[in-house]
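A.B. asks: Questions regarding the structure given below will be posed in turn.
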Amino acid sequence: MKSSVLLFTVAISVWQTPMFAEDWDLQALMSELGARNSGTAHFVEKKYVAILDSPIEQSGTLAYAPGRLEKITLSPRLERMTIDGDSLTIERGASKKTRHLRLSRYPILWGFVEGLRAALTGDLNTLQNFYEIELHGSPGDWEMVLVPSQRRMRAVVRLVSIRGDRGHIEIIEMVEATGDRSVTHVTEDAS
């Protein structure tokens, strides 16, 4: 009798879960990502380059909101990249040597940036403008594979793989057309 009551209790709790695994899809994932459309995080990025024996590592912080992304690299040297709308500003070193770019003049860079911003904020329409999207896994352990839809961008970026747990991005891997790749581990700050 106790086992049937326990089984009934488990069945009821699963039935009341707001999202069944079979109902989970790309739209559901993007809704979860969009529910937290701004935030801050720490990152550690390793860049694997064929001609080097070991990866290049950098670390720092990320801050994102719709239309805005800021990446501050603290190690190995200070660099701040701020993307606000179509504007990219890069400040390097203690001297804060600054460079300004319009992303619309650099379509490949713009596509990569827009894809990252869209993934972080759950903007499926923008993501679909630049990438063909495949989703694998389950709500607690998913992978979104992004393949550039534009030929010019595919000549530089083979694919971007974003992995996470529910509405949290944990790993971003970019594989370049040359085979070089970067793997970024993201740890979101508690909200």
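The values are calculated or read from the model by the stated rules, or taken from the named source; none is laboratory data. Note that the structure is a prediction, hence the values are computed from the model and not measured. No Cβ is skipped: glycine too gets one built from the backbone with ideal geometry, and neighbour counts run over all protein chains shown.
A.B. asks: Taking the condition of being outside any strand (DSSP E or B) and either closer than 26 Å to residue 30 by Cβ or within 20 Å of the chain's Cα centre (by Cα) (or both), how many residues in segment 60-101 meet it?
C.D. replies: Total meeting the criteria: 4.
A.B. asks: Of everything in segment 102-129 that's without any contact (Cβ under 8 Å) to a residue 40 or more places away in the chain and outside any helix (DSSP H, G or I), which residue is farthest from residue 85 (Cα to Cα)?
C.D. replies: 106
A.B. asks: Quick one: is residue 181 surrounded by 13 or more Cβ atoms within 10 Å (Cβ to Cβ) and modelled with pLDDT of 95 or more?
C.D. replies: Here the answer is yes, as residue 181 does meet what is asked.
A.B. asks: While we're on this one: Mind checking whether some residue in segment 130-140 is touching a His at 6+ places or on another chain (Cβ under 9 Å), in a strand (DSSP E or B) and among the aliphatic types (A, V, I, L, M)?
C.D. replies: Among the residues of segment 130-140, not one is touching a His at 6+ places or on another chain (Cβ under 9 Å), in a strand (DSSP E or B) and among the aliphatic types (A, V, I, L, M), which makes the answer no.
A.B. asks: Can you work out which of the residues in segment 141-166 that are closer than 17 Å to residue 126 by Cβ and part of a loop (DSSP other than H, G, I, E, B) is modelled with the highest pLDDT?
C.D. replies: 149
A.B. asks: May I pose another question? For segment 146-172, which positions are charged (D, E, K, R) and either surrounded by fewer than 16 Cβ atoms within 10 Å (Cβ to Cβ) or farther than 21 Å from residue 60 by Cα (or both)?
C.D. replies: Correct list: 151, 152, 154, 158, 165, 166.
A.B. asks: Could you grab me the full set of residues in segment 44-59 that are in a strand (DSSP E or B) and surrounded by 13 or more Cβ atoms within 10 Å (Cβ to Cβ)?
C.D. replies: 44, 45, 46, 47, 48, 58, 59
A.B. asks: Give the residue, chosen from 98, 61, that is of a type in the set (Val, Ile, Thr) and over 16 Å from residue 186 (Cα atoms).
C.D. replies: 98
A.B. asks: Could I ask something else about it? Please pick out the residue among 78, 103 that is surrounded by 15 or more Cβ atoms within 10 Å (Cβ to Cβ) and over 25 Å from residue 56 (Cα atoms).
C.D. replies: When all the criteria are applied, what remains is 103.
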